[in-house]
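The values are calculated or read from the model by the stated rules, or taken from the named source; none is laboratory data. If you're wondering where the values come from, they're calculated on a predicted model, not measured in any experiment. Don't worry about glycine lacking a Cβ; one is built from the backbone with ideal geometry, like all the others, and counts go over all protein chains shown.
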Amino acid sequence: MKKIYFLFFSLLLVIHGVINAQISSLTEDFVIVEFEVNPDDWSQDIEAKLTLKFEGNTPTKLVWVRDVLMIEEDWETAICDPVLCYFPHVNSMSFDVEPGEEFDIAAHLYPRTNPGDSAIVALELYDENNPDVRIDLMFHFTPMTTSTSGEVVSESSIPSLYPNPAHDLLNIKNDQRVTRVEFFNLLGQSIYSTPHSSGTTINIGHLNNGMYFVKMMDESNAVIRTLRLNKR
């Protein structure tokens, strides 16, 4: 009987460890990085990094799977995990973690001197022994704000969204150059696009609650800035 109780108690401990194991982000679960393409540097490397923590009770192996949702022609991306930085063609790999271990996962963008719009990289990270323990990460690379003459715009005149989170109405600060606004879901799919005039409010009441990427474009349809919006 004591042996049965011991086995039952051991099983409960294992189940408790599995249920309570999780991968959490110490920052956020996605990041937006603004950059300016260097037309003279083929090896230009733009990094977007997130810090995570494995909150399990036993050592395990974590698996990551990359999915490039949006990218310009000739651009390349690659992933760096706690072990190695991999070549652009590598879409999945695994690494060992200890209970309570903190680690970085980074996506790298290589524009290869080519101007473009943006790139979105999704990364699924899960426990090889318990696939239900997982986290979905998102890395969004977007060009730095520039004026029509090609000069970088001062920070005080860069567009920003408010309020954020937003419910029904959305405003854009410093929107003098913004002529169109487009909303994308986290899969990079366009959900809503609307013309914009400086000083006007955007009605987003019809959008489902959740996270969106909001692209603000000028009269030549060039992206001025991309920001994250939390719609509630």
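Okay, here's what the table says:
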item	result
Pair list, Cβ under 7 Å, 6 or more apart: the range 65-92 residue without any contact (Cβ under 8 Å) to a residue 40 or more places away in the chain, other residue among the small types (Gly, Ala, Ser)	CYS80/ALA106; CYS85/ALA78; TYR86/ALA78; PHE87/ALA78; PRO88/ALA78
Residue match in the range 191-211 (condition: under 23 Å from PRO115 (Cα atoms), assigned to a strand (DSSP E or B) and at pLDDT below 95)	no
In the range 140-190, residue nearest to PRO111 (Cα to Cα) [restricted to those that are modelled with pLDDT of 85 or more, of a type in the set (D, E, K, R) and not in a loop (DSSP other than H, G, I, E, B)]	GLU182
Whichever residue in the range 69-83 is crowded, with 18+ Cβ neighbours inside 10 Å and β-branched (Val, Ile, Thr) and, among such residues, is modelled with the lowest pLDDT	ILE71
Test: residue in the range 47-63 that is modelled with pLDDT of 90 or more, loosely packed, with under 13 Cβ neighbours inside 10 Å and either under 16 Å from the mean Cα position of the chain (by Cα) or part of a strand (DSSP E or B) (or both)	yes
Yes/no for HIS108 being loosely packed, with under 13 Cβ neighbours inside 10 Å and either out of contact with any helix residue (DSSP H, G or I) (no Cβ under 6 Å at 6 or more places or on another chain) or of a type in the set (Asp, Glu) (or both)	no
Residue in the range 114-131 that is of a type in the set (A, V, I, L, M), over 18 Å from the mean Cα position of the chain (by Cα) and modelled with pLDDT of 90 or more present	no
Meets criteria (in a strand (DSSP E or B), of a type outside the set (Asp, Glu) and exposed (fewer than 14 other Cβ atoms within 10 Å of the Cβ)) for PRO131	yes
Qualifying residue in the range 178-198 (condition: surrounded by fewer than 16 Cβ atoms within 10 Å (Cβ to Cβ), under 24 Å from ILE79 (Cα atoms) and either in contact with a Gly (Cβ under 6 Å, 6 or more places away or on another chain) or free of Cβ contacts under 8 Å to residues at least 12 places away in the same chain (or both))	yes
